[in-house]
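Novice: There's a structure below that I have some questions on.
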Amino acid sequence: MSIIDELKWRGAINQQTDEAGLGELVKDKAVGLYVGIDPTGDSMHIGHLIPFMILKRFQLAGHRPYIIIGGATGSIGDPSGKKSERVLQTMDQVRHNQECLTKQMEHLFGQDGTFKIVNNYDWLSKISLLDFLRDYGKLFNVNNMLNKEVVASRLEVGISYTEFTYQILQSIDFLHLFQAEDVQLQIGGADQWGNITAGIDLIHKLKGSDAKAYGLTIPLLLKEDGTKFGKSEGGNVWLDPEKTSPYEFYQFWINTNDKDVIKLLKYFTFLDQDQIKELETAVATHPEKREAQRRLAEEVTEFVHGHDAVVEAEHITKALFSGDVADLTASEIEQGFKKMPSVTVSADKKNLVEWLVDDTKIESSRRQAREDLTNGAIRINGEKVTDTQAEVDPSSAFDGKFVIVRRGKKRYFLVRIAKS
């Protein structure tokens, strides 16, 4: 099966500029191809990840992937999908974001020389205004530019000349890589179709109509309920572990709806057809086992964060389900209890009844605290405590940073210990 046929099976192709030509090209040679990303933030989220999954598939199939991190285009802003002008970042912000994104890309694609990261600031910054207007501006018809969906959608509210020229800059990127690196294919989201075809038109005008340059876009990924894929209730799911912990990342995928899980397995994992077919059967016959969701969570978390992060996330998940939290590390506590009710108290030892009422406010009264303890409804750091005279020692577990209280079967509280 060719890489293009595989992408079709995965439902990962929206449009191609020349399906037959691209199909032949990928059979004949190791193709140079690229995806661009502007450093508008210091981390990608999982919505950004989609075109890079396609780029990774090409890399694994022996092709030559390039990533443009838009140090130049990121400084002016892409109008794509925006109803208003972007707020311009400082160049220091752009450079910082660029460094962060580069590290993420190196993690995802490896450092074995099979892919290359480039920065369009290196060539766009060298073009003078007059050269830009004479060498490139003359080749772009304003009427055609206005008809591009990304521009047309902004005409009612208005678009600045700066953002209007973005498609010219992206076209120059494709031309530069075509000439300098023999890159013949650009991949992007469905909203990038106008920019991609503008780049191909520029190549054809300067290099001849028979120049072999191609474009491929990916469908907008929607969930079964019609909403856009990529966000949790708390907002974006980030690749940066400081923004979205590996445990939270794992949980996002494992909570996938049965109706969406096979689609996401095709998009976000490198499992083959037979493996995904087996999981599809498992969803149909034993959905309660959630085998497909677990495999999805394992595969994507390992790809983004590594095997150790999967082990850690599964350890936290198992501990929270069973209530056996004593073996968790302080780091795992920080991840697993991040969104649970929390309070900060002193590190002093204290009678447990008083501590539950006065310090943590977990219990509403001493009478209720004593009753819950006597009934075995209170666990401290995973251990059931029934003695109403017991003391709590905040320094006894989790490096003295936390005390975990469970009241009843499911209600957890994270008690943070203040630094002395």
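Novice: Positive end of the dipole of the stretch 56-123, charges at C-beta (+1 Lys, Arg; -1 Asp, Glu), about the Cα centre: which of Q89, G113, P65 has its Cα farthest in that direction?
Specialist: Farthest towards the positive pole: P65.
Novice: To the nearest 20 debye, what is the magnitude of the charge dipole of the chain about its Cα centre, counting +1 on the Cβ of each Lys and Arg and -1 on the Cβ of each Asp and Glu?
Specialist: The calculated dipole for the chain is roughly 780 debye.
Novice: Which three extents, in whole angstrom, do the alpha-carbon atoms of the stretch 178-294 cover along their principal axes, largest first?
Specialist: The principal-axis extents, from largest down, are 58, 35, 27 Å.
Novice: Here's another thing I want to ask about it. Projected onto the charge dipole of the stretch 275-361 (+1 at Lys/Arg Cβ, -1 at Asp/Glu Cβ, origin at the Cα centre), which of S322, L356, A309 gives the Cα projection farthest towards the positive end?
Specialist: Farthest along the dipole direction, towards plus: L356.
Novice: Can you tell me the convex hull volume per residue for the stretch 62-186, based on C-alpha atoms, in Å³ to the nearest whole number?
Specialist: 130
Novice: If you don't mind, there's one more thing I want to ask. Would you work out what percent of the accessible area of the stretch 1-116, with all protein chains in place, is carbon or sulfur (probe 1.4 Å)?
Specialist: Within the stretch 1-116, the accessible surface is 49 percent carbon and sulfur.
Novice: Note down the relative contact order for the chain as a percent, whole number, built from C-alpha pairs under 8 angstrom at least six residues apart.
Specialist: Worked out over the chain, it gives 14 percent.
Novice: Let me ask something else about it. What is the dipole size for the stretch 343-416, taken about its Cα centre, with +1 at each Lys and Arg Cβ and -1 at each Asp and Glu Cβ, in debye to the nearest 20?
Specialist: In total the dipole reaches around 420 debye.
Novice: Whenever you get a sec, compute what percent of the accessible area on the stretch 279-420 sits on carbon and sulfur atoms (1.4 Å probe).
Specialist: 47
Novice: Shifting gears a bit: Return the sequence-ordered ³J(HN,Hα) values of the stretch 51-59 in whole Hz as given by the Karplus equation 6.51 cos²θ - 1.76 cosθ + 1.60 applied to θ = phi - 60°, using x for Gly and Pro.
Specialist: Once rounded to whole Hz, the list reads x, 6, 5, 5, 4, 5, 4, 5, 4.
Novice: Ordering T388, T256, T114 by accessible area with a probe of 1.4 Å, largest first, what comes out?
Specialist: T114, T388, T256
Novice: Determine the calculated [θ] at 222 nm for the chain from helices alone, applying -39500 (n - 2.57) to every DSSP H run no shorter than 4 residues and normalising by the residue count; nearest 500 deg cm²/dmol.
Specialist: -13000 deg cm²/dmol
Novice: Based on the Cα atoms of the stretch 275-408, what semi-axes does the equivalent ellipsoid have, where each is the square root of 5 times one gyration tensor eigenvalue, given in whole Å with the largest first?
Specialist: Each semi-axis is the square root of five times an eigenvalue, giving 37, 18, 11 Å.
Novice: Charges only on Cβ, +1 for Lys and Arg, -1 for Asp and Glu: so what's the dipole of the stretch 246-334 about the Cα centre, in debye to the nearest 20?
Specialist: 420
Novice: On to the next question. Which listed residue (Y250, L220, L239) has the Cα farthest towards the positive end of the charge dipole for the stretch 201-267, taking +1 on Lys and Arg C-beta and -1 on Asp and Glu C-beta about the Cα centre?
Specialist: Highest projection toward the positive end goes to L220.
Novice: With a 1.4 Å probe and every protein chain left in place, work out the accessible area per residue of the stretch 1-50 in Å², rounded to a whole number.
Specialist: 40
Novice: If you build the Cα gyration tensor of the stretch 373-420 and take the root of 5 times each eigenvalue, what three semi-axes come out, in whole angstrom, biggest first?
Specialist: 20, 13, 7
Novice: May I pose another question? Pairing the Cα long axis of helix 307-322 with the longest principal axis of the chain, what angle in degrees results, from 0 to 90 and rounded to the nearest 10?
Specialist: The two axes meet at around 40 degrees.
Novice: If one computes the Cα centroid of the stretch 58-77 and of the stretch 20-43, what distance in Å separates the two points?
Specialist: A separation of 8 Å, based on Cα centres.
Novice: Oh, and also: Taking a 1.4 Å probe, which of H315, H96 shows the most accessible area, and what order do the others take after it?
Specialist: H96, H315
Novice: Tell me the carbon and sulfur percent of the accessible area for the stretch 133-267, rounded to whole percent, probe radius 1.4 Å.
Specialist: Here carbon and sulfur together make up 47 percent of the probe-accessible area.
Novice: What's the extension gain from K29 to R367 if we count 0.36 nm per residue and subtract their Cα-Cα distance?
Specialist: Separation in residues times 0.36 nm, less the Cα-Cα distance, equals 113.9 nm.
Novice: Expected output is a single nm value to one decimal: the length gained when fully extending between E288 and K259, i.e. 0.36 nm times separation in residues minus the C-alpha distance. What is it?
Specialist: Extra length from E288 to K259 when fully extended: 9.1 nm.
Novice: What accessible area per residue, rounded to a whole number of Å², is obtained for the stretch 75-189 using a probe radius of 1.4 Å?
Specialist: Result: 56 Å² of accessible area for each residue.
Novice: What is the spin-label model distance, in nm, from Q389 to R407 if the labels are put 7 Å beyond Cα along the C-beta direction?
Specialist: 2.5
Novice: In terms of modelled amide H atoms, which long-range or inter-chain residues lie less than 5 Å from the amide H of H45?
Specialist: Long-range HN contacts for H45: L239.
Novice: For M340 and D92 in one chain, what is 0.36 nm times their gap in residues minus the Cα-Cα distance, to one decimal in nm?
Specialist: 85.7 nm
Novice: Taking a 1.4 Å probe, which of T360, T102 shows the most accessible area, and what order do the others take after it?
Specialist: The ranking, largest first, comes out as T102, T360.
Novice: Along each principal axis of its Cα atoms, how long is the chain end to end? Whole angstroms, biggest number first, please.
Specialist: Taking max minus min along each principal axis of the Cα atoms, the chain gives 87, 49, 43 Å.
Novice: Between A211 and W123, what is the label-point separation in nm under the 7 Å Cα-to-beta-carbon projection?
Specialist: 1.0
The values are calculated or read from the model by the stated rules, or taken from the named source; none is laboratory data. Because the structure is predicted, anything quoted here is derived from the model rather than measured. As a convention, Cβ positions derive from the backbone with ideal geometry for all residues, glycine included, and neighbour counts pool all protein chains shown. Areas reflect the complete protein model, heavy atoms only, side chains present, ligands, DNA and RNA absent. Shrake-Rupley method; radii C 1.70, N 1.55, O 1.52, S 1.80 Å.
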